[in-house]
Structure formats: C-alpha cells, structure tokens
Amino acid sequence: MNRLTEEICIEIFKWVSYPAPLALSCKHWARIAGDPHTKATWLIFQYGKVHALFHAVRLGPSFIDLNIISSLLSQKVILSRYFIQRLLMHFGKYDEQLIMLKIEHSVGHADEDRIKEIQKKLRCPWASDLPLNVFNQLLEEGSKRLYEKYSKNVPFNETHLPLLAAAKQEDLLDPFFEKYLPTIFPQQTEENIVQKHQKKRRNFSKTGRKEDEDQKVKWKNTLLKFRDNDPIKDEDGNIYSFGKPTHLFLAKLETFLSGLSGLHSM
C-alpha cells in the first residue's frame, strides 16, 4: 500500500463513504485521512461544492479547522448567503457544560422524564459548537464575497448586514457606507435639489415617492436595530439576533447616522 502515490491514495479515499475505519487501519492511511486537502476533496466528492461547507460544519470541531476551510475555498466551494444566515442563527446556542450542570443540580423531586428531556439536548445542533476562529474566518470570507458582488452592482439588503458588521477591513465597508447608502439617503446638494424639482415637473407619481421614503425608513430602522443589537426579521420571517458589531462598523454607522436628519423611524 505504501507504494501507491499520494494522488492515487486520495482518489481511493474520496470514494469511501465512511472513511474512519480506513483511517484507523494503518499510519499511512491515518496521515492521508488527516490531510486538509484530502478532507476537502472527500467533502466535495461526497456532497458537491454546494453542500460541502454544510457537511464540514456538521462533522464538528474534531473534523473542521482553518486549514480545511482554506482548502475548501481554494477549491471553489459555494459560500452562499443562506449558509451564512444559518451559521449566524445556530452558532453559540449549545453549551454542554451548562446542560450538564442543570442535570447535576436538578431539584431532588425532578422526574425522570424531565432529566431525559434535558439529556436529549446534549445532541449538539448544527454549527452551535463551531470553533470561534473557523466561524470568524467564514464570516470574513463572506464579507469579501459580498464586496465582490457589490462591485458587480448587486444591491445590498438587510440580511447582508451581519457579514458587514463582522468585517475587520475598512475596504470591505466602504462600498456600503460610501456608495450604497448615499444612493438611498442622498445629500441635499444644489445638484440634488435641481434634480428633485425636475422630477416634480415630470409629474412623477406619488406612489414612487412613497416607495422611496419607505425604503429610507426601512433602512434607518434596520441600522438602528443593528446598532442596538436588537433582533432583526428578514423577508422570510426569520428572526436574527447577533453579537456586537466590530468597532470599525459601529464607528462608520454612527458617522453615517449623525448625518441623517428629518427622517423619523416608524
């Protein structure tokens, strides 16, 4: 078996649906199975580029790490907005130590069914125990890809805010605060006033102006909620509650909000 090249071993390995027994068979296969490139290749072959990251997270901290994420991204797996949304909804919602303390310190008259119910929660939900450094890397990569999408004139919406708030690089935030938001909240320059009067002369409908104002109010409410760490509901009715944004994001947000006037929240 040692005579096989590493490329051939990886080709064999990726066809194995349950590779744990193979990895335990000898030191050679254990080394092959522990290689990040091999793991990434196996994930993509078994689940496809669309679902590879979902299953990498599902397999937990004993499987996923920064090297595997880098290898998956280098092999062009799909890092979708839906994946990031699910990640933000589930991350950090599982605490095994807290659950065990509840069992240990249960009141004496707690019935057996209650204890069984608590023990069922020990089954770790998807992404809830993801290592923090892996979580941060996925958010950072999501922010970069959002920046690339914006460069192609894909509009932002409120579900993009978690990615932006996690960004630690100023160049990832500039398109949002300096290019996109100013199109929704234009400054009252002389040129804008002239354009506004021209629109009136063309008899633009009141419905169009009402939609513009509604969009402004919607964005301002969303930004305020995000600044205050209040839950946000998306178009599908999902409710998100996030941690505190980076200081860089908050600083840019405060600067932007301080420049708004005459717009009341709903």
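The values are calculated or read from the model by the stated rules, or taken from the named source; none is laboratory data. Keep in mind it's a predicted model, so treat the numbers as computed, not measured. Reconstructed Cβ throughout: ideal geometry from the backbone, glycine too, with neighbour counts over all protein chains shown. In case anyone asks, the SASA skips ligands and DNA or RNA and just uses the protein heavy atoms, side chains included. Shrake-Rupley method; radii C 1.70, N 1.55, O 1.52, S 1.80 Å.
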Remind me, relative contact order of the range 37-91 in percent, using alpha carbon pairs under 8 angstrom and six or more residues apart?
41
Rounded to the nearest percent, how much of the accessible area of the range 7-51 (1.4 Å probe, protein heavy atoms only) is carbon and sulfur?
67
Evaluate E = 1/(1 + (r/R0)^6) for Ile78 and Glu254, where r is the Cβ-Cβ distance and R0 equals 25 Å; express this FRET efficiency to the nearest 0.05.
0.10
Loop chymotrypsin sites (Phe, Trp or Tyr not before Pro), the range 1-72 (other Cβ atoms within 10 Å of the site Cβ: 11 or fewer; DSSP):
Trp15
For Asn67 and Phe177, what does the FRET efficiency come to when R0 = 51 Å and r is the distance between their Cβ atoms, rounded to the nearest 0.05?
0.95
Probe 1.4 Å, all protein chains present, accessible-area order of Cys9, Cys26, largest first
Cys26, Cys9
